[in-house]
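Peer 1: Before we start, here is the structure in question, set down as structure tokens.
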Amino acid sequence: MAVDRSETVILKPRTDKREYRRIVLPNSLEALLISDPETDKAAASMNVSVGHFSDPEGLEGLAHFLEHMLFYASEKYPVEDSYSKFITEHGGSTNAYTSSEHTNFYFDINSDSLEEALDRFAQFFTRPLMSPDATLREIKAVDSENQKNLLSDGWRMHQLQKNLSSKDHPYHKFNTGNWDTLEVAPKAKGLDTRLELIKFYKQNYSANLMQLVVYGKESLDKLENLVESNFKDILNNDRVKPCFPGQPCSSEHLQILVKAVPIKQGHMLRITWPVTPNIRNYKEGPCRYISHLIGHEGVGSLFYVLKNLGWVMSLSAGEGEWSYEFSFFCVNIELTDSGHEHVEDIVGLLFKYIALLRNSGIHKWIFDELVTICETDFHYKDKIPPINYAANISSNMQLFPPEDWLCGSSLPSRFCPSILNMMLDELTPKNVRIFWESQKFEGCTDSLEPWYKTAYIIEKLTASSIQKWVDKAPNEHLHLPAPNIFIPADLTLRQVEEKVQFPVLRRKTLFSKLWYKPDTTFFTPKAYVTIDFNCPLSNFSPEAAVLTDIFTRLLTDYLNEYAYDAQVAGLYYSIRCSNAGFEVKVVGYNHKLRILLETIISKIKQFEVKSDRFSVIKETTMKDYQNFKFQQPYHQAMYYCSLLLEEHRWPLTEQLEILPFLEADHLTKFYRDLLSRTFLECYIAGNIGSTEAESIIVHVEDTLFKSSQPTSKPLLPSEHLTKRIVKLESGLGFYYPVEGLNQTDENSALVHYIQIHQDNIKLNVKLQLFALLAKQPAFHQLRSVEQLGYITVLMQRNDSGVRGLQFIIQSTVKDPAQLDARVEAFLKTFENKLYEMTDEEFKSNINALIAMKLEKYKNLKEESGFYWKEIVDGTLRFDRKESEVAALRELTRQELINFFDSYIKVGTPQRKTLSVQVYGALHSAAFQSLIGDSSQPQNTQIRDIFSFKRSRPLFGSFKGGLGLMKL
């Protein structure tokens, strides 16, 4: 049989120059080929239409476990981990995920290596090897992944919602799997998990249930040949696509109020209804229309009213978990302490707003506005990495007809009030499920969810009781949103006056510096503007750091109802703390960008502290700081590493100590001091002319510095702040042991940091090449073979231009000191592999790294992010990629070995290390014995972070001069 190439017109963006072709192989595998001659990364994604809903009874997590196992080895490539090693060594990455009804495998790679990568990838689906030894090891990896999730409120509450559903519907299942479900329970029943795994694979991994996307620089005909030759041997057993009819929730699971105890501080309200899946009417877009209105944040919206009452911090609405057979519409509301006391009023106001939508009818102008926004977004969508593009499309392929594979459900086009009303009519008190989370329910529960042990209690509701909530809810003026003024009308491209390759310093005054880069690559009607306010007082003390944080949050809060429409229309902004003050960023369509930016600057100038909003923001900030203790232990280890290395980093403990005593008056005074002297570091790029870019900054200067009552004065020369990094000592290993902040978390974590050098092109490329060579072997040895933990990473680290290498491991298997020993053992083993590396292997890895460096930016945001970091760090190496490629071309194998011997090799006199060790609950005894032990002559224990920092020299800063770039 020949390949079926029936002509299909696939809708694609107007700006998309790529070519697409749908084919069906004789074995019924459906594929989409994407030819992009300009790409420097190739990618592929295979979607298999089977997921955890198909897990056999008593083998929870089997589909997810199979996803893990297919990465190990195959008959053609029997060396364990050779697939991942090949992908990594050729500049790529690989991953997979398992959802309810599909499993998706994907990779990307340097574009010249696609052919061999496809050959290796295809083995997943033809002849994989699943050895008994690998099976047992990978069950431990799945268990470690589950351990990581046990104290995550997201995972816990999702499983609680699933648990409170019909036991005969697969939605009810536990889907991750763990040691008990994949080893202990099957063995007790006389089942061999490996044999069950192979049986599941043979039954379900059929070619007719697979959808493949291949993205490369080759022609469509060449890609077709590659797909046919590599994937034609996948067996087609004509497996009927699994179907799961019926609803997850019977009447007993509706009209319920579930009070649950979360891990973190705070109160959350999740209100859900079973509804008709949006995918059945995706051209009409009922879910998009209704979620747009219920989730709106402008004047008159539900959120606007609840926020002004001081009851909520955030609100979102939209379709939650869904399939073709069932769906949930969800409204998630983060409550304040006051809101926690008014939940009945909040639910009442939500139903009032739904009644308003029902009674006011479906408005065509709102639908048309959404259509305009969606079409603009689709046709001017930024290019994304091919790996993400391929994975997104392959998952769409099992759901949508070929013409809609690229757009999915993102382009509503048919106005049908009856369908929109149908979904509104499903949002009633009769089928509502309310999940209310708060630690205040501790001790008031009577049930435990079996998998995550979440404590909860169920209360039955009636339609009449909810109606009483509606009746007694405050009479606030809820109304529909006004037309969106931020929808761009001018999408024309500006004429580029001067085609520059790198940003240029366009303007410099006492008040600001403007870096400018016109769009000469992407040709989209978008711009990128960043202004960094350098304020010496912003990080002067822990109190100043907290007040600066509250200031940025409060400013965002004040702008919200005005700027929300901008974000809906594709114009995004953020205001956040930065190294030396705070940063304002506006990114998106350039037509209305200046209006939004000038409003933000005006709000900064006219900033006033409203005591009611200050109280709410203070409460939010307090909970965020307090909840850091519930972060994953490896996040805590990374925090301590930064605290040890950064000269002016204040500890969270001190900020938490200060925060309760701060009042609105403190911020009022601090704001005046904060902005009394400042300098603006600015970057403007994209579809904006140089004259306009300058006039934007002139307006900002005029507003802040030159008005009749100026807010700010320029910085004095001595006031320019820099971020400096602690210099570790050669030949000495420092270690910082600390107990995990949440002692109910059994996981321990390690960050083993090797500090190497301050930004230097030749040393940079040696470090990068070593990291490329060692990354996959480290993962394989420490994670796959030794099974230390699911989170096992080797990566580079860059602290304001100070470069290094770090191993990050989270584990319940070994304590951090033992993990540290395993890292050093790996490095000792790996040095032999490095010494034995052939010239051919060396050259191959050099070429892979060069190809990675020459990879073009995908979009304006990605390009601007690179240049902005150079500006913020003060390095100003805008030609960094070109310089590093030139250095790589001259690098020899012996130079790399000398680099390893000098900086990384265990025991070398120049080696500088810092081991941050976070001890979880399982290893508390090891922590206590370590604290009293000072018998490690080569390693120095850090007992006090601040004494350590004060005693160490610092690297110089690149900030202040013109960095390393010749201008």
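The values are calculated or read from the model by the stated rules, or taken from the named source; none is laboratory data. Computed from a prediction, not measured in an experiment: that's the story for all the values here. When we count neighbours, we look across all protein chains shown, and the Cβ atoms used for this are built from the backbone with ideal geometry, even at glycine.
Peer 1: Does the range 866-888 contain any residue that is over 23 Å from Val504 (Cβ atoms) and either of a type in the set (Asp, Glu) or not in a helix (DSSP H, G or I) (or both)?
Peer 2: no
Peer 1: Now, a different point. Looking only at the range 61-91, which residues are over 16 Å from Arg137 (Cβ atoms) and under 27 Å from the mean Cα position of the chain (by Cα)?
Peer 2: Matches in the range 61-91: Leu62, Ala63, Tyr83, Lys85, Phe86, Ile87, Thr88, Glu89, His90, Gly91.
Peer 1: Does the range 179-196 contain any residue that is of a type outside the set (S, T, N, Q), closer than 20 Å to Phe244 by Cβ and touching a residue at least 24 places away in the same chain (Cβ under 8 Å)?
Peer 2: No.
Peer 1: If a residue counts only when it is buried (at least 17 other Cβ atoms within 10 Å of the Cβ) and small (Gly, Ala, Ser), which helices (runs of 4 or more DSSP H) contained entirely in the range 350-435 have at least 1 such residues?
Peer 2: Hits in the range 350-435: 386-397.
Residue-wise test of (1) under 27 Å from Met622 (Cβ atoms); (2) in the same structural domain as Leu427 (by TED's automatic domain parsing); (3) of a type in the set (Lys, Arg); (4) assigned to a strand (DSSP E or B).
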residue: Tyr289; (1), (2), (3), (4): no, yes, no, no
residue: Phe303; (1), (2), (3), (4): yes, yes, no, no
residue: Ser316; (1), (2), (3), (4): yes, yes, no, yes
residue: Gly320; (1), (2), (3), (4): no, yes, no, yes
residue: Phe329; (1), (2), (3), (4): no, yes, no, yes
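Peer 1: Right, another one. With the structure loaded, tell me whether Leu645 is closer than 21 Å to Asp944 by Cβ and of a type outside the set (Gly, Ala, Ser) or whether it fails that test.
Peer 2: yes
Peer 1: Applying the selection to the range 604-625, what residues are buried (at least 18 other Cβ atoms within 10 Å of the Cβ) and under 30 Å from Pro488 (Cβ atoms)?
Peer 2: Scanning the range 604-625 gives Ile604, Phe607.
Peer 1: When you scan the range 751-766, do you find a residue that is free of Cβ contacts under 8 Å to residues at least 40 places away in the same chain and part of a helix (DSSP H, G or I), even just one?
Peer 2: no
Peer 1: Looking at the range 829-842, can you tell me whether even one residue there is in a helix (DSSP H, G or I), in contact with a helix residue (DSSP H, G or I) (Cβ under 9 Å, 6 or more places away or on another chain) and within 30 Å of Asn534 (Cβ to Cβ)?
Peer 2: Among the residues of the range 829-842, not one is in a helix (DSSP H, G or I), in contact with a helix residue (DSSP H, G or I) (Cβ under 9 Å, 6 or more places away or on another chain) and within 30 Å of Asn534 (Cβ to Cβ), which makes the answer no.
Peer 1: If the Cβ limit is 6 Å and pairs must be 6+ apart or interchain, which residue in the range 421-444 that is closer than 17 Å to Cys330 by Cα and not assigned by TED's automatic domain parsing to the domain that holds Lys623 pairs with which residue that is of a type in the set (Lys, Arg) and crowded, with 16+ Cβ neighbours inside 10 Å?
Peer 2: Once the first residue is closer than 17 Å to Cys330 by Cα and not assigned by TED's automatic domain parsing to the domain that holds Lys623 and sits in the range 421-444, its partners that are of a type in the set (Lys, Arg) and crowded, with 16+ Cβ neighbours inside 10 Å give Phe435/Arg270; Trp436/Lys259.
Peer 1: Checking the condition under 23 Å from Asp180 (Cβ atoms), assigned by TED's automatic domain parsing to the domain that holds Arg137, touching a Phe, Trp or Tyr at 6+ places or on another chain (Cβ under 7 Å) and touching a residue at least 60 places away in the same chain (Cβ under 8 Å), which residue from Leu59, Leu66, Leu32 passes?
Peer 2: Selected residue: Leu66, the only one of Leu59, Leu66, Leu32 that is under 23 Å from Asp180 (Cβ atoms), assigned by TED's automatic domain parsing to the domain that holds Arg137, touching a Phe, Trp or Tyr at 6+ places or on another chain (Cβ under 7 Å) and touching a residue at least 60 places away in the same chain (Cβ under 8 Å).
Peer 1: In the range 829-865, which residues are closer than 30 Å to Lys585 by Cα and either touching a Leu at 6+ places or on another chain (Cβ under 9 Å) or basic (Lys, Arg) (or both)?
Peer 2: Residues satisfying the conditions are Met852, Lys853, Lys856, Lys858, Lys861.
Peer 1: If you go through the range 148-171 one residue at a time, how many are touching an Asp or Glu at 6+ places or on another chain (Cβ under 9 Å) and farther than 27 Å from His267 by Cβ?
Peer 2: 2
Peer 1: What number of residues in the range 293-338 are closer than 16 Å to Asn278 by Cα, surrounded by fewer than 22 Cβ atoms within 10 Å (Cβ to Cβ) and touching an Asp or Glu at 6+ places or on another chain (Cβ under 9 Å)?
Peer 2: Of the residues in that region, 4 qualify.
Peer 1: While we're here: How many residues does the range 134-191 hold that are assigned to a helix (DSSP H, G or I) and not aliphatic (A, V, I, L, M)?
Peer 2: Looking only at that region, the number is 29.
Peer 1: Output yes when any residue across the range 678-691 is loosely packed, with under 15 Cβ neighbours inside 10 Å and either of a type in the set (Val, Ile, Thr) or in a helix (DSSP H, G or I) (or both), and no when none is.
Peer 2: yes
Peer 1: Moving to a separate point now. Return the pairs, sorted by first residue and then second, in which the second residue is buried (at least 17 other Cβ atoms within 10 Å of the Cβ) and among the β-branched types (Val, Ile, Thr), the first residue lies in the range 900-923 and is part of a loop (DSSP other than H, G, I, E, B), the beta carbons are less than 8 Å apart, and the residues are 6+ apart or on different chains.
Peer 2: Qualifying pairs under 8 Å: Ile904/Ile754; Ile904/Ile756; Arg911/Ile754; Arg911/Ile904; Gly920/Thr812.
Conditions (1) of a type outside the set (Ser, Thr, Tyr); (2) at pLDDT below 95; (3) assigned by TED's automatic domain parsing to the domain that holds Pro536, marked per residue:
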| site | (1), (2), (3) |
| --- | --- |
| Lys869 | yes, no, no |
| Glu884 | yes, no, no |
| Ser902 | no, no, no |
| Ser934 | no, yes, no |
| Phe958 | yes, yes, no |
